[in-house]
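Every number here is computed from the coordinates shown, using simple stated rules; none is lab data. Owing to the predicted nature of the structure, the values given are computational and were not obtained by experimental measurement. A quick note on method: Cβ atoms are made from the backbone with ideal geometry, for glycine too, and the neighbour counts reach across all protein chains shown.
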Amino acid sequence: MPAGITQSKASQLGLFGQPPVTLAETHRLFFALMPDEATRHAIGRAAVLIQEQYPELRARWVKSERYHATLNFLGDYPQLPEDVVEKARAAAKQLCAVSFLWSLDYATSFRGREPPCVLRGTFVPDAMLVLWRDLNSALAHVGLHRHIERQFTPHVTLAYGRRELPQAAPVVPIAWQIESVALIHNVVGKGHYEQLGRWPLLNPTR
């Protein structure tokens, strides 16, 4: 390369000086429950204990700012689909679900090539199931039928391991007060979660 010429990683020439190859991005959309700061710290403490107790997992641990519980996956796209975003926002505005308390009290693993280590609750609140069903109905109402989920297994992913946990591992119960639903956009492989909207749940005491 001639002296004085530099190239950024984004503009490096390919083999024999061809134009650079642009790696395709994957834009992911999903509805999620996002923990408040205190809950996020409590989840992080549970993750540290699991990591210390089960070093054989040899896991990739999720950063605390990415902790969430997915309600509904809206797909992967080559670019952010504004039409899907607007329909998803319209669906969220239809929700009439109430806030509720969810207690996370044990860790377990799901099957997979890199088995996810997750936090779950022994009991799933009825209000959580109502919220999930209402969101599915709202998505169908705005024309997003193909994104309706058939099953719901609420969890928070802590890590992706080389091995599964040998058995369910109790943790100090984490009381998470669910007060809102968020629409999340993420470029796969990049850390930042962008909130495209957040909708508060109803206060059941009012």
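Over the stretch 67-206, what is the relative contact order in whole percent, taking alpha-carbon pairs under 8 Å and six or more residues apart?
Value for the stretch 67-206: 34 percent.
Would you mind pulling out the separation of the Cα centroids of the stretch 41-60 and the stretch 134-206, in Å?
Taking the Cα centre of the stretch 134-206 as reference, the centre of the stretch 41-60 is 21 Å away.
Does the stretch 24-74 classify as rounded, prolate or oblate by the C-alpha gyration tensor (a ≥ b ≥ c root eigenvalues; a/c under 1.5 gives rounded; else a/b over b/c gives prolate, otherwise oblate)?
oblate
Considering the options A168, N72, A127, tell which one lies farthest towards the positive end of the dipole of the stretch 55-173, charges being +1 on Lys and Arg and -1 on Asp and Glu at the Cβ, about the Cα centre.
Checking the options against the dipole of the stretch 55-173, the answer is A168.
Just to check I understand the Karplus step: with θ = phi - 60° and J = 6.51 cos²θ - 1.76 cosθ + 1.60, what whole-Hz values come out for the stretch 111-123, glycine and proline as x?
Karplus-based 3J(HN,Hα) across the stretch 111-123 equals 6, x, 5, 10, x, x, 9, 10, 9, 9, x, 4, 10 Hz.
Once phi is turned into ³J(HN,Hα) by the Karplus curve 6.51 cos²θ - 1.76 cosθ + 1.60 with θ = phi - 60°, what whole-Hz value does each residue of the stretch 65-74 show in order, with x for glycine and proline?
With coefficients 6.51, -1.76 and 1.60, one gets 5, 9, 4, 6, 10, 6, 9, 7, 8, 9 Hz.
For the chain: lysine pairs with Cα atoms under 26 Å, gap of 8 or more or different chains, count?
Here the count comes out as 4.
Treating only the Cβ atoms of Lys and Arg (+1) and Asp and Glu (-1) as charged, compute the dipole magnitude of the chain about its Cα centre; round to the nearest 20 debye.
Using only the charged Cβ atoms, the result is roughly 280 debye.
Quick one: length gained pulling D83 to Q167 fully straight, 0.36 nm per residue minus the C-alpha distance?
Separation in residues times 0.36 nm, less the Cα-Cα distance, equals 25.9 nm.
If you bin the C-alpha pair distances of the stretch 53-110 every 10 Å from 0, what whole percents do you get?
Going from the shortest bin to the longest, the percentages are 13, 32, 31, 19, 5.
Calculate how steeply helix 37-53 sits against the longest principal axis of the alpha-carbon atoms of the chain, using the helix alpha-carbon long axis, and give the answer as 0 to 90 degrees to the nearest 10.
80 degrees
Run the helix sum for the chain: -39,500 (n - 2.57) per DSSP H stretch of 4+ residues, divided by residue count, reported at 222 nm to the nearest 500 deg cm²/dmol.
Mean residue ellipticity, 222 nm, calculated: -7000 deg cm²/dmol.
Contact order normalised by length for the stretch 143-206, with contacts defined as Cα pairs under 8 Å and 6 or more residues apart; what percent is it?
Averaging sequence separation for qualifying contacts and normalising by length gives 23 percent for the stretch 143-206.
On average, how much area does the Cα convex hull of the stretch 93-202 cover when viewed from any direction, in nm²?
8.2 nm²
I need the Debye-formula profile for the stretch 49-147: one equal scatterer per C-alpha, no solvent, reported as log10 I(q)/I(0) at q = 0.10 1/Å, two decimals.
-0.41
How long are the three semi-axes of the equivalent ellipsoid for the chain, computed from the Cα gyration tensor as the root of 5 times each eigenvalue, in whole Å, largest first?
After scaling each eigenvalue by five and taking roots: 34, 26, 15 Å.
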